[in-house]
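Working notes, beginning with the structure itself.
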Amino acid sequence: MLEPFDIDSWTGPFAPETRARAQAALESGAVLFFPRMPFRLGNSETEFLDARLTDGKAKNISLDWSRGKLQGTSASGEKAERLAAMIERFGAGATRFVTDLLPNYSGVERARTSYRPVEVEGRAYSRIKDDRLLHVDAFPSRPMGDGKRILRFFANVAPPKAKGGGARRWHVGEPFENFAQKFTPRVRPHFPGQSWLFGKLGVTHGQRSAYDEMMLSLHDAAKRDAEYQKHAPHSAVEFPPGSCWLVYTDMVLHAALAGEFALEQTFHFDVAKMGEPDKAPIKVLERLTGKTLA
Ligand SMILES: [Fe+2]
């Protein structure tokens with residue numbers, strides 16, 4: 001479930017055995033766990049340990065690094081600039097780390113960086129938006145097209161004296177294939193015309209493929225199924241303050257139950273460049289359904 005690494009540096013070079021173990025574990029659906037490499041806040045950055053930094057509408061504060069655009073925050077002016085600089089320092093560090101740890105992943109694309117300063121426990125959301133329920137990631141407006149992977153790197157920056165010891169608590173569910181076997185018979189049909197229209201209207205960034213529709217369907221079906229949420233096999237895991245973790249969230253069933261003050265960097269990655277492309281969700285779903293999904 002958790003594959004621990006004794007790494008304490010954000011930059012390589014890392015030993016060939018370490019790199020090989022990281023890639024194999026990641027592609028097999030493990031959560032890589034780095035308990036000894038904290039992302040340290042500067043003295044002036046500890047003021048960002050404050051849930052009031054969000055604008056109250058978005059779940060997270062996000063940084064589109066390519067445009068230098070910060071969204072979802074109540075901060076403005078100089079404070080917003082310093083907040084963006086902290087998130088960017090994390091995002092650039094995470095990118096360097098992932099590139100050094102997984103040198104075979106050349107071409108991994110850095111997407112958005114987010115800061116999640118609000119306590120997860122006790123928040124009220126619609127079922128579909130409630131990430132305290134087991135799910136695989138699939139985003140309505142961000143199609144992955146030909147099965148591009150969603151890889152995410154997290155850091156818990158909560159102070160240890162925070163509520164509950166500051167740990168971020170997750171449930172991690174069953175292997176993707178077992179989950180997909182249960183839920184693929186229930187997925188809604190794909191309407192290519194609708195995907196085309198959504199792409200044209202700008203509802204989606206690009207056009208959804210049959211794979212995107214299936215992943216959205218699986219995400220929603222799992223969250224809507226109260227029985228599954230109650231009885232599905234899962235393990236409870238904890239990421240303490242100062243730890244980081246890396247996981248393919250399009251494949252690993254996860255639920256974020258509690259925790260505040262986490263940073264997150266999303267990456268996208270081509271299936272064809274994986275060491276074992278057959279383990280990618282698109283390949284698993286194509287095998288199970290006998291259909292080409294992109
Ligand atoms: Fe998620």
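The values are calculated or read from the model by the stated rules, or taken from the named source; none is laboratory data. Since the structure is predicted, the reported quantities are computational estimates derived from the model, not experimental observations. All Cβ positions, even for glycine, are placed from backbone atoms using ideal geometry, and neighbour counts span all protein chains on display. Just the protein is used for accessible areas: all its heavy atoms, side chains included, with ligands, DNA and RNA removed. Shrake-Rupley method; radii C 1.70, N 1.55, O 1.52, S 1.80 Å.
Odds and ends about this structure:
- Accessible surface, segment 2-289, averaged per residue in Å² (probe 1.4 Å): 44 Å²
- Normalised size of the chain, defined as Cα radius of gyration per 2.2 N^0.38 Å with N residues, equals 0.98.
- Using alpha carbons only, the radius of gyration of segment 203-294 set against its Kirkwood radius gives Rg/Rh = 0.98.
- Cα-based Rg and Dmax for segment 109-238, where Dmax is the largest Cα-Cα distance (Å): 16.7, 53
- Compared with the direct C-alpha span, the chain from Leu49 to Ser9 gains 12.0 nm at full extension, assuming 0.36 nm per residue.
- 5 angstrom amide H check on Thr73, placed H, neighbours 5+ away: Asp55
- To the nearest 10, the accessible area of Met214 is 20 Å² with a 1.4 Å probe.
- Extending 7 Å from the Cα toward the beta-carbon at both Ser141 and Ser76 defines two label points whose distance is 2.2 nm.
- Of all DSSP beta bridges in the chain, antiparallel share, percent nearest 5: 95 percent
- Here the contact order of segment 2-289, divided by its residue count and restricted to Cα pairs under 8 Å and six or more residues apart, works out to 31 percent.
- Taken as entire DSSP H runs, the helices of the chain that both span 15 Å or more between Cα atoms along their own long axis and average -1.0 or more on the Kyte-Doolittle scale are 16-27, 77-101, 210-224.
- The chain - percent of accessible surface contributed by carbon and sulfur, probe 1.4 Å: 53 percent
- Measuring with a 1.4 angstrom probe and ignoring ligands and nucleic acids, Leu197 comes out at about 80 Å² accessible.
- Alpha-carbon gyration tensor eigenvalues x 5, square-rooted, for segment 1-148, Å: 28, 21, 16
- Within a Gaussian network of the chain (alpha carbon springs, distance under 10 Å), most fluctuating of Ala124, Ala30, Ala158: Ala124
- Ordered by 1.4 Å accessible area with all protein chains kept, Trp196, Trp170, Trp10 run largest first as Trp196, Trp10, Trp170.
- Model label zone, Arg224; criterion: amide N under 17 Å from point 7 Å along Cα-to-beta-carbon; scope segment 92-128: 126-128
- Hits among lysines - C-alpha to C-alpha of Lys230 under 25 Å, sequence gap 8 or more where chains match: Lys59, Lys129, Lys182
- Cβ charges +1 (Lys, Arg) and -1 (Asp, Glu), total dipole of segment 2-289, debye: 580 debye
- Legend: residues Glu88, Glu81, sorted from most to least accessible area (1.4 Å probe; ligands, DNA and RNA excluded), read Glu81, Glu88.
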